[in-house]
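Visitor: First, the structure itself, so that you have it in front of you.
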């Protein structure tokens, strides 16, 4: 028991260091998606306005955070590990490893799934937002749609990684899909909260028309 207790702090510290390293690697992708969100914000609002729809501040905040998260995950999963360290590349230049090179394949289910507790949990937890946030933000969410979309995303990621020197791992495919489905189940367990776009109320239509008329007068 003493030996076990003595190893826990070291293992916990290792997990924290790994989490910190992954978080830092996600930053460039998150910043890119934040810029994309800001560039598209005004056209999106104008399009919603033409359809008499409103996306309130809470929805826009969650949408921006989700898009940033998607950008961060893209950095982690769609780049070779040597290229995913963008901040290091900015300091030291590009690595000697080619971007495209054939990786490995692991198609035996459960072969290494439980060998590393951090990887096991990370593969589940990091994909939970892909099941939770779309259900929260958009209409017509069903469990089978969440399953199909999450399976398609994770399968494409694993196939892509095979060509950038990483590993196509069936365990990752299982755990990532499980994580997305747990995210959807969490949304359902929370009584299906909704931050969907809503139709503009009649009073809001009047206010929008008045504001629009004032803008036309100012420009006229």
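The values are calculated or read from the model by the stated rules, or taken from the named source; none is laboratory data. All of these numbers come straight from a predicted model, not from anything done at the bench. We place every Cβ from the backbone using ideal geometry, glycine too, and count neighbours over all the protein chains shown.
Visitor: Only residues that are closer than 19 Å to residue 139 by Cβ and part of a helix (DSSP H, G or I): list them for region 19-56, please.
Guide: Those that are closer than 19 Å to residue 139 by Cβ and part of a helix (DSSP H, G or I): 44, 45, 47, 48, 49, 50.
Visitor: State whether the residues of region 189-198 include one that is modelled with pLDDT under 95, part of a strand (DSSP E or B) and more than 21 Å from residue 61 (Cα to Cα).
Guide: So far as region 189-198 goes, no, none of its residues is modelled with pLDDT under 95, part of a strand (DSSP E or B) and more than 21 Å from residue 61 (Cα to Cα).
Visitor: Same structure again: Looking only at region 123-146, count how many residues are touching a residue at least 24 places away in the same chain (Cβ under 8 Å) and part of a loop (DSSP other than H, G, I, E, B).
Guide: 6
Visitor: Now for a different question. Can you name the condition, by its number, that residue 149 falls short on among (1) modelled with pLDDT of 95 or more; (2) part of a helix (DSSP H, G or I); (3) closer than 20 Å to residue 74 by Cα; (4) under 16 Å from the mean Cα position of the chain (by Cα)?
Guide: The single condition residue 149 does not satisfy is (1).
Visitor: With 80, 28 as the choices, which residue is touching a strand residue (DSSP E or B) at 6+ places or on another chain (Cβ under 6 Å) and either closer than 30 Å to residue 164 by Cα or surrounded by 11 or more Cβ atoms within 10 Å (Cβ to Cβ) (or both)?
Guide: From the options 80, 28, the qualifying one is 80.
Visitor: Next question, about the same structure. In region 83-117, which residue that is in a helix (DSSP H, G or I) and surrounded by 14 or more Cβ atoms within 10 Å (Cβ to Cβ) is modelled with the lowest pLDDT?
Guide: Result: 86.
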